[in-house]
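The structure under discussion appears below in the form of structure tokens.
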Amino acid sequence: MGPSRQTAPPRSVRQPVPPTTRAPGRQSDPAMTRVCNETFGSLPDGSPVVRFTLRSSSITLRVLSFGAIVTSLETEDRDGRAADLVLGFDTLEGYINKHPYFGAAIGRVANRIAQGKFSIDGKDYQLAINDGPNSLHGGLKGFDKVLWTPEILPNGVKFSMTSVDGDEGYPGELRVWVTYELNGEELSINYRATTSKTTPVNLTNHSYFNLAGHGIPTIYDHEVSIEAENYLPVDKTSIPTGEIASVVNTYFDLRNPVVLGNHIKNKLTEGFDHNFCLSLSKQRSPCARVYHRPSGRLLEVETTQPGIQFYTANFLDGSLKGKGGAIYPKHSAFCLETQNWPDAVNKMEFPDVLLRPNEEYNHTTWFKFSVVKQ
């Protein structure tokens, strides 16, 4: 494991705000987001972990200073009943122990790097191997296991940290900022970074969603569409082969909505864990839409990133006990990880994943939660 990261104690944190008697998110000013915080527990070294609660007119979001982890996201259905739509744990211990990145900020490089190897300017680098023969989601101690420094904003919270030169085998000192903001129905997550040496950077959030509510055993009644004309076929270790394949006449053509249950059971039995290729313009663009007809909940995703990894929780097996004692079996959630393409550092035909000194990494993803009244 590389050198440990900076883990400065939280600063700019307000004292806990007394609980409100209003229903979550119902305020007199629909444009206003309330932010409060409380201690969620302590790490083994005694460092306190703070949980922030963001309430807009439509969404209640809770996120930790540890791992910048989204622990809950509550919205109402068409009948006004609120539910928590993301998988996670009731206590800090669940997030400290091994888990499948529930709700976490992912870095330095999200997704997989083949054999944990890459070269920059003729110099070879070897990363930690933590997913079969590959490096996954930043290595043994990715950004999901770091205590971030928080700063409260008018509509959200900004987290910052520094990854030292050589951390997990990556070159350069990397300064990172992740900002969560709520504006009515919309959650935005902005990622910024600067580096002292050329290094690969690919940041995302790894929330597991179930629009019926966490703890519901499947997502088979969800309708999904992804606005991508191409996807990346993968080998048996989930590394892209290098082919940029058309979705036409394949099981990966999600340009029109598909019901996940029918699609997975009849066509792609293991489920999805694939990158879909989006616009390379770096402009805000629609990329995915998920509709849960029974509740009326609709999730629409827009991003500046060139890819989105659609994952249907194929590796959950019911062994983890989540919030309220919920069991999370296979296909009980989905992830929409907006990011650069997997293993891009080793495939020159893929979008550039290298961040250089005097450049800024700056990407945003927007999650809009609404209700279809029918």
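Bear in mind that the values in this text are calculations on the coordinates, not laboratory data. Values in this document were obtained by computation on a predicted structure and should not be read as measured data. Note that each Cβ is placed from the backbone with ideal geometry, even for glycine, and that neighbours are counted across all protein chains shown.
General remarks:
- For residue 293, the amide hydrogen comes within under 5 Å of the amide hydrogens of 223, counting only partners 5 or more places away or on other chains and with H modelled in the peptide plane.
- Label-point gap, in nm, between residue 124 and residue 98 - each point 7 angstrom along Cα→Cβ: 2.9 nm
- Among the GluC sites (Glu not before Pro) in region 295-364, those placed in a DSSP loop whose Cβ has at most 13 other Cβ atoms within 10 Å are 349, 359, 360.
- Under 5 Å from the amide H of residue 320 lie the amide H atoms of 328, each residue being 5 or more positions distant or on a separate chain, with H modelled from the backbone and absent for Pro and chain starts.
- Gain on full extension, evaluated as 0.36 nm per residue between residue 321 and residue 359 minus their Cα-Cα distance, stands at 9.4 nm.
- Ordered by the count of other Cβ atoms within 10 Å of each Cβ, fewest first, 188, 207 give 188, 207.
- Where trypsin sites (Lys or Arg not before Pro) fall in DSSP loop in region 140-198, at most 13 other Cβ within 10 Å: none
- Near residue 234, the amide H atoms lying under 5 Å from its own belong to 241; only residues 5 or more places off or on other chains count, and H is placed 1.01 Å from N.
- The trypsin sites (Lys or Arg not before Pro) found in region 30-82 that occupy coil by DSSP, while having at most 10 further C-beta atoms within 10 Å, are 81.
- Shown for 335, 287, 36: other C-beta atoms within 10 Å of each C-beta, ranked fewest to most, produce the order 36, 335, 287.
- Where only C-alpha atoms are counted, convex hull volume of region 34-205 per residue in Å³: 122 Å³
- Under Karplus coefficients 6.51, -1.76 and 1.60, residue-wise ³J(HN,Hα) of region 296-310 in Hz, glycine/proline x: x, 6, 10, 10, 10, 10, 10, 7, 9, 7, x, x, 9, 8, 9
- Its DSSP H runs of at least 4 residues, each contributing -39,500 (n - 2.57), put the calculated 222 nm mean residue ellipticity of the chain at -500 deg cm²/dmol, to the nearest 500.
- When the P(r) is computed for the chain, the part past 30 Å accounts for 35% of the Cα-Cα pairs.
- Extending 7 Å from the Cα toward the beta-carbon at both residue 42 and residue 352 defines two label points whose distance is 4.7 nm.
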